[in-house]
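Remarks on the structure that follows.
The values are calculated or read from the model by the stated rules, or taken from the named source; none is laboratory data. What you see is a predicted model; the values in this text were computed from it and never measured. Virtual Cβ from ideal backbone geometry, glycine too; neighbours counted across all protein chains shown. The protein model used for the area step is the full one, side chains on, heavy atoms only, and it has no ligands, DNA or RNA in it. Shrake-Rupley method; radii C 1.70, N 1.55, O 1.52, S 1.80 Å.
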Amino acid sequence: MFYYNKMRMKVLKNVFSLLIVTFMTMLSVPSLMAQVDAKSSVITEYNGKQYYIHTVQKKQSLQDIADIYDVSLYEIMKENKDVKRNPKAGTIIRVPYHEKIVIEEVVAADTLVENEEDIEIVEDFVPVDFNSERLYKVALMMPLYLEQVDEEFLDLEPTNKQLLAKPFSYLHFYEGFMIAVDSMVSSLDMKIELKVFDVDQDTNKVVNALNDTWLVDADIIVGPFHLKSFDRVMKFAEHHDIMIVNPMTPRDDLVRGHENMVKVKPSRQYQMQWLEQLMKDKYTDNNIFIFAMDSSCMNYAHNIKEIAERNVNEYSLVPNSHINKVIKKHHDAWKIEEVEFDEDRYDSDNVKLDVRQIKSFPDDSTMLKNQVRLYNYSIDSLNKMKKVASTIRNNVVIAYGDSRVFATEIVNKVNMLTERFPVNLIVLPDWSNYDKLFNENLMNMKTVFFDEEYTDYNTFAVGMFICKFRDKYVTEPDDLAYHGFNVGWYFLNALMNYGDNIKYGIINYDIPLLNTRYNFKRKNADDGVENTYWNIYQHIDYDKKQIQYE
């Protein structure tokens, strides 16, 4: 741990030293002429595929060759399995010829995948008329608290406590953003002038930033992160017709009347449209029980009830053979427990079933009414549900609340019901932050979560990003790092595609990101745009599986 902290402090010292001296970072595309000159003009076909035939030069590695041809190291090694990563000069190798852009710029030299299908290939979204000579000016305004960073701070003994200090609180966002910038420069030949401003809640920092004449000609501003500072910079951006991106707030009121603003975090209201998709797809023949945490959540709970009533069928047909199996199972258990019961009647779904009739017609079905019921958990608890729930078919419990205590209680108590009632659980608005929920219970109820970002560590793109981040910053990326990369990668690509028309182009712009999608909508002509996309995933088979909808 000490070694890790020491290495991390070394990286941070380099980053902050650069920022303290310059208060900005300038990046422009490196000269590629030497690499272009070394590119082979010989193209041949082998097994139905086209390849460059490349002769290895002195001190040239496979990674160098991959960079020259804008392909991945994996692609070259896959086609030349007997060639070492540092081949001898004069070695002849095949380099795949294609005109697609592969997001593989961040792969580490020792990272390979076994399944070719895991490689995400992005269709060529770079416009033919892209102006490769244009210099794009990008401003990043984020809290770095540089006034707290001095020689004494950087020379302190590295500890976990030290790494939790304010100057490091948003550093992962910056680092993820910078990986996106580096990728745009190296892989897409984009010229970027990036200026980083240290802006937090301090109004003096905002004033100093806005007094920089460079900012007037910026193509895009990302940040600030704090609302008070953001509001002031947003007015500046509107006055100079500059797109401004807020990467942190979920508040939807900020976009109203601000045409140049883009809000990346989705609002809770948009969960309802994705919930409706989910209901149509999976839960049209179920009982639905909605539990609002308390009266403060009832508005959203009523919206959920309306969605359920629109999409759930009024009745469902349940095979008598299935009903009979469930009844027999329960009757056998009650006999063992010496519980008295009427063998000719069985209570379920708020009705009394005639057991004799069900047994007499095993090939028939019984029509049961689907219930949609709404409860205030603070008043009703789960008692009312127990009286009317189904023991023979699925009950869908939708819990809406934003308290960790409520979340823990619901998960544990609803799971206890599964001993008698089949239950699936859907939790809203965003329970991914509650890290102490019992996973066995979540799996048992096939619990469905809604999340702003969902990171699937089995995907190739995420694996590559982790390798690059480890290599460059000597640490594991956290959620802010993924978020920073997504913001940088998306908006720099959009800027390159649409230029001065970016605020209109992003409405229909969709490219692969690490752990989410941006689905931007503009409600009114004078409003800004906001992301409406929520990731949905389900705990199933001891794993998390994403449920994807367009």
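Does at least one position in the range 507-520 carry a residue that is aliphatic (A, V, I, L, M), under 19 Å from LEU254 (Cβ atoms) and free of Cβ contacts under 8 Å to residues at least 60 places away in the same chain? Yes, because at least one residue in the range 507-520 is aliphatic (A, V, I, L, M), under 19 Å from LEU254 (Cβ atoms) and free of Cβ contacts under 8 Å to residues at least 60 places away in the same chain. In the range 303-335, the residue that is modelled with the highest pLDDT out of those that are small (Gly, Ala, Ser) and open to solvent by 30 Å² or more (accessible area, probe 1.4 Å) is SER321. Among the residues making up the range 462-512, those that are outside any helix (DSSP H, G or I), open to solvent by less than 20 Å² (accessible area, probe 1.4 Å) and within 18 Å of MET184 (Cα to Cα) are TYR509, ILE511. Within the range 261-299, if we keep just the residues that are of a type in the set (S, T, N, Q) and part of a loop (DSSP other than H, G, I, E, B), the residue that is surrounded by the most Cβ atoms within 10 Å (Cβ to Cβ) turns out to be ASN286.
Considering only residues in the range 152-190 that are open to solvent by less than 50 Å² (accessible area, probe 1.4 Å) and outside any helix (DSSP H, G or I), the one that is modelled with the lowest pLDDT turns out to be PRO158.
Let's see how each residue does on (1) at positive phi; (2) modelled with pLDDT of 90 or more; (3) touching a strand residue (DSSP E or B) at 6+ places or on another chain (Cβ under 8 Å):
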{"position": "TRP431", "(1), (2), (3)": "no, yes, yes"}
{"position": "PHE450", "(1), (2), (3)": "no, yes, yes"}
{"position": "PHE469", "(1), (2), (3)": "no, yes, no"}
{"position": "TYR490", "(1), (2), (3)": "no, yes, no"}
{"position": "ASN508", "(1), (2), (3)": "no, no, no"}
{"position": "LEU514", "(1), (2), (3)": "no, yes, no"}
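Only one of the numbered conditions (1) among the hydroxyl-bearing types (Ser, Thr, Tyr); (2) touching a residue at least 24 places away in the same chain (Cβ under 8 Å); (3) open to solvent by 50 Å² or more (accessible area, probe 1.4 Å) is violated by TYR533, and that is (3).
Between HIS226, HIS240, the distinction of being surrounded by fewer than 17 Cβ atoms within 10 Å (Cβ to Cβ), out of contact with any Ser or Thr (no Cβ under 8 Å at 6 or more places or on another chain) and not polar (S, T, N, Q) belongs to HIS240 only. Consider ILE304 carefully, then state whether it is aliphatic (A, V, I, L, M) and closer than 19 Å to ASP526 by Cα. So ILE304 fails the test. The residues of the range 304-351 that are on the phi > 0 side of the Ramachandran plot and either in a helix (DSSP H, G or I) or touching a residue at least 24 places away in the same chain (Cβ under 8 Å) (or both), listed by number, are ASP349, ASN350.
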